[in-house]
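Notes follow the structure.
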Amino acid sequence: MLENILNFDAYLFDLDGTLINTEPLHHAAWEQTVKNHGFSLDWSFEEYLTFALKSRPHLFEAIFRRCPGLKNLFSEGEHLRQQKIAVYEKLLTTNPPDWMPGVYSFLSLLKKNQKEMVIVTNSPRKHVSSYTHLCFETFFKQIITIDDFIHPKPHPAGYLKALSNLDKKGDKCIVFEDSLKGIQSAQQAGTHALLVATDTYKKIALIDDTTPCVSSFNDLIAYENCRFRS
């Protein structure tokens, strides 16, 4: 896959944790939300990711299991998540996210090669619209948010919508994701998929070694530079 990284018709990207470094903010927001109700969510960041990057129901179950009394206050995890979103939005005002390592260089490479790029995210549009400092319009033809499709990842709805909008076939496109649920979403949509994740996360999340993966977008830049010099 790496040797053909510039041969796809379109490039689809997850946002949080893949393009921009928002996952630490999400982690902090969950900790504060639980603390607001008198509980402690003493997860390391890596442990948090193993739950958060799997699915929302899985994360809710893990939170209620860690904080048993919290279930008595919230019959639905989604109700608790709405409070977490409010905390997250406050954190965004003081801690705006930046690009993940290597992302800007890789997007610039794709732009130089006149590639079509699209963001597909489970985040709401109002969050994406707040990242004005990152100038997404420089690179992306479209930004598809959870406001544009019903079922979040790992359902393929978001990527299927992107393919439809682009009028592209899945086997001619590649998706970049930081989670197993994102990879599953892409695969169900019929696209190629590349996981961008550290070895630590892969180990904790029990991700199969057969899953195509790089540790960061810097790996892709280094590979292309090496190919160019040779």
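With neighbours defined as other Cβ atoms within 10 Å of a residue's Cβ, the residues D9, D42, D178 order from fewest to most as D42, D9, D178. Ranked for footprinting exposure by Cβ neighbours inside 10 Å, fewest first, W30, W43, W99 give W99, W43, W30. Out of Y48, A29, F64, whose Cα points farthest toward the positive end of the dipole of region 23-94 (charges: +1 Lys, Arg; -1 Asp, Glu; placed on Cβ)? Working it through, the farthest residue towards the positive pole turns out to be F64. Here region 138-161 is scanned for amide nitrogen atoms under 19 Å from the site 7 Å beyond the Cα of D208 along Cα-to-Cβ, giving 154-156. Quick check: Cα centre of region 110-187 to Cα centre of region 1-75, how many Å? Here the two parts' Cα centres lie 18 Å apart. For the chain, the fraction of C-alpha pairs more than 24 angstrom apart is 45%.
What FRET efficiency comes out for A86 versus C135 if R0 is 22 angstrom and r is the Cβ-Cβ distance? Round to the nearest 0.05. For R0 = 22 Å, the calculated efficiency reads 0.25. A simple charge model with +1 on the Cβ of Lys and Arg, -1 on the Cβ of Asp and Glu and nothing else charged puts the dipole of the chain at about 300 debye relative to its Cα centre. Once Rg and the Kirkwood radius are both taken over the C-alpha atoms of region 1-105, their ratio Rg/Rh works out to 1.07. Computed over the chain with a Gaussian network model linking Cα atoms closer than 10 Å, the most mobile of N72, N165, N218 is N72. With a threshold of 25 Å on the Cα-Cα distance, the over-threshold entries among K54/K112; K90/K161; K115/K202; K111/K172; K71/K126 are K54/K112; K90/K161; K115/K202; K71/K126.
Every read-out reported here was derived from the displayed coordinates using simple, explicitly stated rules and does not represent laboratory data. Keep in mind the model is a prediction, meaning the values are calculated, not measured. Don't worry about glycine lacking a Cβ; one is built from the backbone with ideal geometry, like all the others, and counts go over all protein chains shown.
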